[in-house]
1. Based on DSSP H assignment, which helices of the chain show an axial Cα extent of at least 18 Å together with a mean Kyte-Doolittle hydropathy greater than or equal to 0.0?
2. Could you give the dipole magnitude of the chain about its Cα centre, charging the beta-carbon of Lys and Arg +1 and that of Asp and Glu -1, in debye to the nearest 20?
3. Residue farthest toward the positive end of the dipole of region 5-232, with Cβ of Lys/Arg at +1 and Asp/Glu at -1: which of SER154, ALA9, ALA189?
4. I need to check one value: relative contact order of the chain, counting alpha carbon pairs closer than 8 Å and at least 6 residues apart, in percent.
Amino acid sequence: MSDPLIGIAAASYVVSRPFGRLAVHGIPQSYVEHVTAAGGRPVLLPPGAGHLALDALDGLVLAGGGDLDPLLYGVGTAARDVDRERDDAEIHLARAARREGTPTLGVCRGAQVFAVMDGGTLAADVPHVCPGEGHAISTSTGSVCQELLGTRTSVSSLHHQAVVRTGPGWRVTAIADDGVVEALEWEGAHWPAVGVQWHPEMDATGPALFGWLVSQARLSDVIRSGCHGDQDV
């Protein structure tokens, strides 16, 4: 069996070049490095097109980035660097991943996508700016986060929005010492999905979380291969 194919949902950017401004699709290099180090094969998914490749993927990463549009969860609050097309595309992609049972890791805004896509809400102006480790969190008993990281750990933190209320089917599985939601997990067995508010691609939790995603992707690939094998008999 080949290494699992892990899609990373990319964002749209405009970069300056000698000839002018150039629109690109991209993602921080650290996501690619962590997927590769965990044994996965990373592939970038252009905004709005990820769902078209989902049937070829074994796992999915929803990466960090700008704020979600507050109109998505009905709150008139301040937001920064909003890209509504990206919001809509990633909500659509996450719902498709759930239907397919594709293992998914949501990072920062990715965790917020999980909440908002099922009717949850976010808070703004959360003063969590700690790019390195040093932000203490506690994990919930029986959660994936506790299994991977232990009861207490320190993580990076670089956001000013956070989940207040999840939608149905989600369980909050990590809390910061100031009460901010730091992780949520899908409760249904058919879809391995974990969202973390911090940035594992920037701290020591990365190997555990990206390793979990790749291991789940391997298992998912084995299950799908078994199903195809049954159909061929």
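1. On the way: long enough: 84-100 (24 Å, -1.63); 206-232 (39 Å, -0.11).
Counting only whole DSSP H runs, no helix qualifies.
2. Numbers: 15 positive and 27 negative charges, 53 e Å.
In total the dipole reaches around 260 debye.
3. ALA9
4. Numbers: 499 pairs, mean separation 48.4, N = 233.
Relative contact order for the chain comes out at 21 percent.
FYI, it's all coordinate maths here, none of it is from the lab. The structure presented is a predicted model; accordingly, all values stated were derived computationally and were not measured. We place every Cβ from the backbone using ideal geometry, glycine too, and count neighbours over all the protein chains shown.
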